[in-house]
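The values are calculated or read from the model by the stated rules, or taken from the named source; none is laboratory data. On a predicted model such as this, the values are computed, not experimentally measured, just so you know. Cβ placement follows ideal geometry from the backbone for every residue including glycine, while neighbour counts extend to all protein chains displayed.
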Amino acid sequence: MFLISKLVWLVLQPLSLVFLLLVSGLIFMRLGLGRSGVGIIVLATLVLFVTLFTTSGTVALQALENRFQRQAPLAAGERCIIVLGGAFENEVIAARGGIELNQAGDRFVETVLLARENPAARILVSGGDGSFSGAYQGDAAVARDFFGRFGIDPNRIIEEGTSRTTSENASNTVELLRREGLDDCLLVTSAFHMPRAVGLFRKMGVGARAWPTDYRTTGRARLGFDFTQPSLNAQLATTAAREWVGLLAYYLAGRTHTVFPHQGGQTP
């Protein structure tokens, strides 16, 4: 399933889709189906324009980020903090050493702050090597070094280093939580990723309180044209498309209760 999901997303992401539509249009024209070919090329141009020169991606991502709000931690502190991987540049780390964070690095920065505020909380890091080759350290392995540099006791860390997808994050984490006898956990991940993650945990009978971070939008964007930052628009549109496709796919596969989980949704 991991390989299939990677290949499907390779095709469905906006710019790849535009390329495939253009190639298909040219093939249709070459086969003498000029009208169909022109129609496909026009569709590809429209998708490209919307991706590069509108705020549609921003608005779609914003809807995901606004779905869950941070809930105040318990006065007595948290017993467990779950942080989902995807924040380290593991290929770069393998080549150059050190620790390199990507755009989702806020997940681990926020976890450091939470760990210091809750010194008794265990930290469960879920994330293996999500590359095609599987030749690199996963986030769980790198995280031990990362947290150690901030003076966090390594005995507090629980590593889940085999997951490669969000679904595997949830299922493998649930097993560890039950083994360790942990509950009442905060779930730390990117705000746009929170609906999918919470939906999976709820389906598995685990209630984890959302602690979103790594916001990419202001929360106030409106649909319209934007000719000032096409590369950023494409990046936001790609991120939004991946999450919405993931939400739909997980729901159709029976892995979540609803397409778009929300703050007051079904709990165990």
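Screening Thr54 on (1) in contact with an Asp or Glu (Cβ under 8 Å, 6 or more places away or on another chain); (2) over 26 Å from Leu248 (Cα atoms); (3) among the polar types (S, T, N, Q) shows it passes everything except condition (2).
Within the range 209-219, being assigned to a strand (DSSP E or B) and either of a type in the set (Val, Ile, Thr) or touching a Cys at 6+ places or on another chain (Cβ under 6 Å) (or both) holds for one residue alone: Thr213. When you look at Arg222, is it assigned to a helix (DSSP H, G or I), over 17 Å from the mean Cα position of the chain (by Cα), of a type outside the set (A, V, I, L, M, F, W, C) and surrounded by fewer than 21 Cβ atoms within 10 Å (Cβ to Cβ), yes or no? In short, no.
Just to be sure, is Ala115 among the small types (Gly, Ala, Ser), in contact (Cβ under 8 Å) with a residue 12 or more places away in the chain, buried (at least 20 other Cβ atoms within 10 Å of the Cβ) and closer than 25 Å to Asn169 by Cα? So Ala115 passes the test. Glu160: without any contact (Cβ under 8 Å) to a residue 24 or more places away in the chain and either under 23 Å from Leu247 (Cα atoms) or acidic (Asp, Glu) (or both), yes or no? When the stated conditions are applied, Glu160 does not pass them.
Look through the range 225-268, keep the residues that are assigned to a loop (DSSP other than H, G, I, E, B) and β-branched (Val, Ile, Thr), and return whichever of them is surrounded by the most Cβ atoms within 10 Å (Cβ to Cβ).
Initial filter on the range 225-268 (assigned to a loop (DSSP other than H, G, I, E, B)): 226-229, 253-268.
Remaining after also requiring β-branched (Val, Ile, Thr): 228, 256, 258-259, 267.
Numbers: Thr228: 8, Thr256: 28, Thr258: 14, Val259: 13, Thr267: 11.
Top of the filtered list is Thr256.
Scoring Ala121 on the criteria (1) touching a helix residue (DSSP H, G or I) at 6+ places or on another chain (Cβ under 9 Å); (2) exposed (fewer than 14 other Cβ atoms within 10 Å of the Cβ) leaves a single failure, condition (2). Check Ile4 against each of (1) within 19 Å of Ala237 (Cβ to Cβ); (2) loosely packed, with under 13 Cβ neighbours inside 10 Å and name the one condition it does not meet. Here Ile4 meets the rest and fails (1).
Mind listing just one residue for me: the one in the range 71-92 that is in a loop (DSSP other than H, G, I, E, B), buried (at least 16 other Cβ atoms within 10 Å of the Cβ) and of a type outside the set (A, V, I, L, M, F, W, C) and, of those, modelled with the lowest pLDDT?
Of everything passing the filter in the range 71-92, Pro73 is modelled with the lowest pLDDT.
Return yes when Leu46 is touching a helix residue (DSSP H, G or I) at 6+ places or on another chain (Cβ under 8 Å), more than 30 Å from Ala140 (Cβ to Cβ) and either among the hydrophobic types (A, V, I, L, M, F, W, C) or in contact (Cβ under 8 Å) with a residue 12 or more places away in the chain (or both) and no when it is not. No; evaluated as a whole, the condition is false for this residue. Screening the range 93-208 for strands (runs of 3 or more DSSP E) wholly inside it with 2 or more residues that are farther than 16 Å from Glu78 by Cα and either of a type in the set (A, V, I, L, M, F, W, C) or touching a Lys or Arg at 6+ places or on another chain (Cβ under 9 Å) (or both) returns the ranges 185-190.
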